[in-house]
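To start, the structure itself, in structure tokens.
Every number here is computed from the coordinates shown, using simple stated rules; none is lab data. Computed from a predicted model, the values in this text were never measured in an experiment. Positions of Cβ are generated from backbone atoms using ideal geometry, with glycine treated the same way; all protein chains shown enter the neighbour counts.
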Amino acid sequence: MTPTDPAGSPSENGASSENGAPDWPPAADRAVRAVLAIVLAFLTVAIMVVVPLLAIACGTCRDGVRTPGFPGVLTALTSYVVPAVGVVSVLGVCTARRSGVAMAVGGGALAGLAALILLAGRLPG
């Protein structure tokens, strides 16, 4: 395509792809992606901090905390798996064309991990 070709006219930032679409997403799309990424990051931190405490909480225990049935699984999920899924989800939201779908998949994965953490803390060993 030549610079005078109307189908290949450059975008406002001077860069365009072969079909004439800008290489960078518009500012509103970048803002939405940033908000979704921040929401996922806060959700990841909340799952890392709050869900393990809920998993070992005990209303009838003397000190209010029960011994988890599977402490190794609980620690591994909370310390390694949840942060890894959170980082991959945030990167997916930032780089995918359909950031809403990436947000839904990442949030669903984090919700599933929260359920696994609760099970690991509640089941007797």
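In sequence order, segment 61-67 has phi-based couplings of 6, 4, 9, x, 10, 9, 7 Hz under the Karplus curve 6.51 cos²θ - 1.76 cosθ + 1.60, θ = phi - 60°, and Gly or Pro positions carry x.
Rg and Dmax of segment 82-125, both derived from C-alpha coordinates alone, stand at 12.8, 44 Å.
Could you tell me how many cubic angstrom of Cα convex hull volume segment 35-84 has per residue?
Details: hull volume 3.4 nm³, N = 50.
About 67 Å³ per residue, rounded to a whole number.
A simple spin-label model places pseudo-atoms 7 Å from Cα toward Cβ; at Ala104 and Val45 they are separated by 2.7 nm.
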